[in-house]
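Here the structure is laid out as structure tokens; the discussion comes afterwards.
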């Protein structure tokens, strides 16, 4: 573990230094207020400033800078919003606020178009107009035609190398605050979310070398999601993710969904080509407010009369969770199977695994289990999941089997004590022809368990 951790920290330190060097090289600067707004709308002014200059400074203002259409960022740009600057999407605008210029839709075939390079956005309050999550196709669209079906975000930054986001606050986002994919050499630091209603940082596939630190606030879904595999209504990038440090996450107690989604899986393109949307060399540490870490492929809910979306179990290696406190006082998914402790389908855990992984490490994990109320709650479980809505629609994929070859556990406390035997807190889930109407035979297996 120490070897991969040290190498990863050195790699991402180099990425931070290189991004900073590239950003400093941008020197042709202008103040946004050197341009004239159209009434109180700054869309054309900001777009012109970005088209004509490398560095655009947005000064403080007693009134927000209103944007009424998508801003397109070319390569080699640094946007600096100074303290006291709020950039706000005009009420009712359903397209996204901002995207880079070389975005490309990788839903149907792998992306082969040139990437943008060297974009930094720093500072400011970035505000949407929403008061609730509006759902896919109702806010954060790529364009009014929704030509990129899987985009639902305030900012889309994908097909890009050397991206930095720093010291930004997002408010009232009806879709994802930031959607990222097909990208490398990414640094995201000091991000706040205020009254946001979907994912904060929504990271999709084909991402390499990403450092995330000091992210906090209130969101309606995942504070940070690593969905290498995802549903087609919420991604345009499908593929592996490697070289990740994600640390210093603090979810607000007011956030109702206290989970972090990490979704490997196998995705199939229209031409039949498939890709393992895997996760390798990843550290998640110093996390608070999140009670369940989900590492499994999940297709959209489907009727037993219909086929589930084509997908498979993804893979992973060298995944470390460290310095995390969990109070598993209730199932994250409040479905009947979990709330009523169904003897076959009612297992839930702080770490729910459904991938084929070589090595997973849990270090300095403190978890509180409430087995008097939920006897099927665990530190870690592995295997298939199944639950059904009242109309019979299946939520999960009970036919998926998975395995972790080596599970390392160190510095684990359960309800304040270090157990001498960890096995009562680990669960292998097995289904044996659970239903007649859909395939439902899957199992999860641990290989070697190393407990210190």
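The values are calculated or read from the model by the stated rules, or taken from the named source; none is laboratory data. Given the structure is predicted, the values throughout are model-derived calculations rather than measurements. Because the Cβ atoms are built from the backbone with ideal geometry, glycine has one as well, and the counts that use them run over all protein chains shown.
Of the residues 198, 225, only one is farther than 20 Å from residue 296 by Cβ and in contact with a strand residue (DSSP E or B) (Cβ under 7 Å, 6 or more places away or on another chain); which?
Exactly one residue qualifies, and that residue is 198.
If I filter region 353-375 for residues that are in a strand (DSSP E or B), closer than 18 Å to residue 257 by Cβ and either in contact (Cβ under 8 Å) with a residue 24 or more places away in the chain or in contact with a strand residue (DSSP E or B) (Cβ under 7 Å, 6 or more places away or on another chain) (or both), do I get at least one hit?
no
At least 1 residues that are surrounded by fewer than 24 Cβ atoms within 10 Å (Cβ to Cβ) and at positive phi in each: list the strands (runs of 3 or more DSSP E) lying fully within region 138-248 that qualify.
153-171, 176-194, 207-217
Looking at residue 322 and the list (1) surrounded by fewer than 21 Cβ atoms within 10 Å (Cβ to Cβ); (2) at pLDDT 95 or above; (3) over 25 Å from residue 452 (Cβ atoms); (4) under 22 Å from the mean Cα position of the chain (by Cα), which single condition is not satisfied?
The single condition residue 322 does not satisfy is (3).
Output the number of residues of region 392-415 satisfying the condition of being more than 26 Å from residue 266 (Cβ to Cβ) and modelled with pLDDT of 95 or more.
So the count comes out to 7.
Going through 80, 87, 41 one at a time, which residue ends up being under 24 Å from residue 170 (Cα atoms), in contact with a helix residue (DSSP H, G or I) (Cβ under 9 Å, 6 or more places away or on another chain) and surrounded by 13 or more Cβ atoms within 10 Å (Cβ to Cβ)?
Values: 80 fails: in contact with a helix residue (DSSP H, G or I) (Cβ under 9 Å, 6 or more places away or on another chain); 41 fails: in contact with a helix residue (DSSP H, G or I) (Cβ under 9 Å, 6 or more places away or on another chain).
Every option except 87 fails the conditions.
Among the candidates 209, 184, 235, which residue alone is in contact (Cβ under 8 Å) with a residue 12 or more places away in the chain and out of contact with any helix residue (DSSP H, G or I) (no Cβ under 9 Å at 6 or more places or on another chain)?
None of the other options fit; the residue is 235.
Just for region 330-341: of the residues that are closer than 14 Å to residue 371 by Cα and free of Cβ contacts under 8 Å to residues at least 12 places away in the same chain, which one is nearest to the chain's Cα centre (by Cα)? Write out each step before concluding.
Initially, region 330-341 is screened for residues closer than 14 Å to residue 371 by Cα, giving 330-331, 338-341.
When the remaining residues are screened for being free of Cβ contacts under 8 Å to residues at least 12 places away in the same chain, the result is 339-340.
Numbers: 339: 26, 340: 29 Å.
Once the filter is applied, the top-ranked residue is 339.
Among the candidates 446, 389, which residue alone is closer than 30 Å to residue 307 by Cα, within 28 Å of the chain's Cα centre (by Cα) and modelled with pLDDT under 95?
389
Would you please name the residue that is farthest from residue 83 (Cα to Cα), looking only at residues in region 44-54 that are under 30 Å from the mean Cα position of the chain (by Cα) and surrounded by 19 or more Cβ atoms within 10 Å (Cβ to Cβ)?
Filtering first and then ranking leaves 50.
I'd like to know if region 381-404 contains one or more residues that are without any contact (Cβ under 8 Å) to a residue 24 or more places away in the chain, in a strand (DSSP E or B) and over 20 Å from residue 443 (Cα atoms).
no
Of the residues that make up region 424-431, is at least one closer than 30 Å to residue 276 by Cβ, in contact (Cβ under 8 Å) with a residue 60 or more places away in the chain, over 25 Å from the mean Cα position of the chain (by Cα) and not in a loop (DSSP other than H, G, I, E, B)?
yes
Residue check, residue 345 against (1) surrounded by fewer than 20 Cβ atoms within 10 Å (Cβ to Cβ); (2) at pLDDT 95 or above; (3) in a loop (DSSP other than H, G, I, E, B); (4) more than 19 Å from the chain's Cα centre (by Cα), all met but one. Which one?
Of everything listed in (1) surrounded by fewer than 20 Cβ atoms within 10 Å (Cβ to Cβ); (2) at pLDDT 95 or above; (3) in a loop (DSSP other than H, G, I, E, B); (4) more than 19 Å from the chain's Cα centre (by Cα), residue 345 misses just condition (1).
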